[in-house]
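The values are calculated or read from the model by the stated rules, or taken from the named source; none is laboratory data. Everything quoted here is computed from the prediction, not taken from an experiment. Keep in mind that these areas ignore ligands, DNA and RNA; they rest on the heavy atoms of the full protein, side chains included. Shrake-Rupley method; radii C 1.70, N 1.55, O 1.52, S 1.80 Å.
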Amino acid sequence: MIKLTWALVAEHVDEWTGDDAAQGAAVLEARVGASVEASSMKPEAVQHWRTDFLTPVVTSLRTEGAAALARGETWSRAAGPFMACASPLS
């Protein structure tokens, strides 16, 4: 089990607990993506946000994060106004 927590600066904080990093990455991408889509940003800004902030963090969770969590270590990554961290649960 892992706990994944994320924050969008001054906008939204959320968390998820589940079985593995791949599932967590999918949840992170869906929930943060939905939050960004629901914002008042123009479509071009939403796409920019997804490309420059969301995708690098989700990709890192799927790769470096999954490896760190498998070793029992924590993982974190930030991109612009977005940060996520994950840790194994005992």
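The angle separating the long axis of helix 21-37 from the principal Cα axis of greatest extent in the chain is about 20 degrees. Using a probe radius of 1.4 angstrom, the carbon and sulfur fraction of the accessible surface of the chain is 55%.
Just the number please: accessible area per residue for region 2-88, 1.4 Å probe, all protein chains included, in Å².
For region 2-88, the solvent-accessible area averages 54 Å² per residue.
Dividing the radius of gyration of the alpha carbons in the chain by their Kirkwood radius gives 0.98 for Rg/Rh.
Relative contact order, whole percent, for the chain stands at 37, derived from Cα pairs under 8 Å and 6 or more residues apart.
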